[in-house]
Amino acid sequence: MTIAEIIGAFATGKPPLRIEAYDGSAIGRADSGLVLRLKSEKALQYIVTAPGDLGLARAYLMGEIEVEGVHPGAPRDVFGALEVFRKHMTRTPDSRTLVRIARSVGTESIRVLPTPPMEVKPAWKRVLSGMRRHSKERDSEAVSYHYDVSNLFYSWVLGPSMTYTCACYTDPDTSLEVAQENKYRLVFDKLGLQAGDRLLDVGCGWGGMVRYAASRGVHVIGVTLSKEQVEWAQAAIAADGLGDMAEVRLQDYRDVPERDFDAVSSIGITEHIGRKNYADYFARLHGYLKPGGRLLNHCITRPDNSRTVKAGQFIDRYVFPDGELAGAGTVHLEAENAGFEVVHEENLRQHYAITLRDWCANLVEHWDSAVGEVGEPMAKLWGLYMGACQYGFEHNKIQLHQILAVRLNDSMTWDIPLRQWWQA
């Protein structure tokens, strides 16, 4: 059997894109503007030895699969092509066809190939390494793996704001920088911050929220586990002349000694802490606040509360090791169980899809520089990962929720306006 015939045996219907194989065979629409090309038998071996998104990612990152018709930095289209291929390869051939496939491929030629250098060990091997899941040491390693890539690379992808979280758009044509500024303004206003207040920003990234609040007279402490983020943020704070108002530390959010903050902002850290740690996480944030203090929790969520919280193999091995996502209802529940009263919640799913669109455009614009800085496999990985996320937000596979909550005082009252006091 040719490779195209083998693919056809597993395909459910005719693939909507062109698939070409190294033996000269092809399947799918001849006039398709999108061509997925298997360059050698190694492509098949990656797919067979790790079925699903992991095998496809390995083959693509190792250059054994090419997607023709799109730029490698236009990740949504690359991911879309791989996803179409994966979704159409779900049929189980009859036993006679399976025997023919085995004879054609030759079982002796199926072997496990080297994996891309940026792939981390599977979760079970990480357990055997001796570090407990979501221990401080293991969380530090996971954060460093994802964020300590290159500040220069991140600046090309994220733009001048160096903000790696969902922006807030007034319309789809709003610029990325304006939308990120709008997100910080939205968080600031929801928290009701005033000059002289004290803010703790957990998982502060490159310090965007820290500098935004400090420039408006708020005393801010930001904490992150990324050394490169700390270096960049500290330099930016100094350049802005905010050293007397703002501080960014290399510190686990569980180790902050200060208390009685007026507000806590958590923008994009809940995804990293693990579902089993939600209760402790919200209890700690509750403990950092003075009575009447407010929490703004901004995080990626599942669209429901019934499925597994663990990430898929591709995300776990290449993007966010140990990352877990729960439904917004679960996040809401744990915040309440920790003693918070949730006063507002909103879903910014559409905004994150547009944010990723703009990050992808930045990657395309700076593709050659990005490849020169981190290498082609890493640049391709980021394209594939951001494309997967954009696809996920567009198709409601994942969402982005902001929850505003209050630590009540002893009399169960609070000092907030009767109606929504901020503008979207």
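The values are calculated or read from the model by the stated rules, or taken from the named source; none is laboratory data. No experiment lies behind these values; they were computed from the predicted model shown. Neighbour counts run over all protein chains shown; Cβ positions are idealised from the backbone, glycine included. The area values use the complete protein model at the heavy-atom level, side chains included, leaving out ligands, DNA and RNA. Shrake-Rupley method; radii C 1.70, N 1.55, O 1.52, S 1.80 Å.
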A careful count of residues in region 307-366 that are part of a loop (DSSP other than H, G, I, E, B), under 14 Å from the mean Cα position of the chain (by Cα) and farther than 26 Å from residue 405 by Cα gives 6
For region 11-58, the count of residues that are surrounded by 16 or more Cβ atoms within 10 Å (Cβ to Cβ) and either in contact with a Pro (Cβ under 9 Å, 6 or more places away or on another chain) or basic (Lys, Arg) (or both) equals 10
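I need a count of the residues in region 378-401 that are in contact (Cβ under 8 Å) with a residue 40 or more places away in the chain and assigned to a loop (DSSP other than H, G, I, E, B).
Start the filter on region 378-401 by keeping residues that are in contact (Cβ under 8 Å) with a residue 40 or more places away in the chain, which leaves 378-388, 390-391, 393-394, 396-401.
Narrowing the set further to residues that are assigned to a loop (DSSP other than H, G, I, E, B) leaves 396-398.
Qualifying residue count, region 378-401: 3.
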Expected output for region 37-62 (first residue more than 16 Å from residue 120 (Cβ to Cβ) and of a type in the set (Val, Ile, Thr), partner open to solvent by 30 Å² or more (accessible area, probe 1.4 Å) and in a loop (DSSP other than H, G, I, E, B), Cβ below 9 Å, 6+ apart or cross-chain) is 47/89; 48/110; 49/110; 49/111; 49/112
For residue 372, indicate whether it is open to solvent by 20 Å² or more (accessible area, probe 1.4 Å), over 30 Å from residue 287 (Cα atoms) and over 14 Å from the mean Cα position of the chain (by Cα). yes
Residue in region 80-98 that is over 26 Å from residue 119 (Cβ atoms), of a type in the set (A, V, I, L, M, F, W, C) and surrounded by fewer than 20 Cβ atoms within 10 Å (Cβ to Cβ) present
yes
* **residue 248 assigned to a strand (DSSP E or B), modelled with pLDDT of 95 or more and within 26 Å of residue 149 (Cα to Cα)** => yes
Filter region 375-411 for residues that are within 30 Å of residue 335 (Cβ to Cβ) and of a type in the set (Gly, Ala, Ser); the one that is surrounded by the fewest Cβ atoms within 10 Å (Cβ to Cβ) is 411
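Take residue 5 and tell me if it is open to solvent by 20 Å² or more (accessible area, probe 1.4 Å) and closer than 22 Å to residue 376 by Cβ. So that I can check it myself, show each step before the final result.
Numbers: open to solvent by 20 Å² or more (accessible area, probe 1.4 Å): yes; closer than 22 Å to residue 376 by Cβ: no.
Answer is no for this residue.
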If you go through 352, 278, 288, the only one that is surrounded by 16 or more Cβ atoms within 10 Å (Cβ to Cβ), free of Cβ contacts under 8 Å to residues at least 60 places away in the same chain and not aliphatic (A, V, I, L, M) is 278
Across (1) more than 16 Å from residue 28 (Cβ to Cβ); (2) open to solvent by less than 20 Å² (accessible area, probe 1.4 Å); (3) modelled with pLDDT of 85 or more, residue 73 clears everything bar (3)
The one condition residue 237 fails out of (1) exposed (fewer than 14 other Cβ atoms within 10 Å of the Cβ); (2) out of contact with any Phe, Trp or Tyr (no Cβ under 8 Å at 6 or more places or on another chain) is (1)
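Can we say residue 404 is closer than 20 Å to residue 177 by Cα and touching a residue at least 40 places away in the same chain (Cβ under 8 Å)? Even if it seems obvious, please write down each step before you answer.
Values: closer than 20 Å to residue 177 by Cα: no; touching a residue at least 40 places away in the same chain (Cβ under 8 Å): yes.
So residue 404 fails the test.
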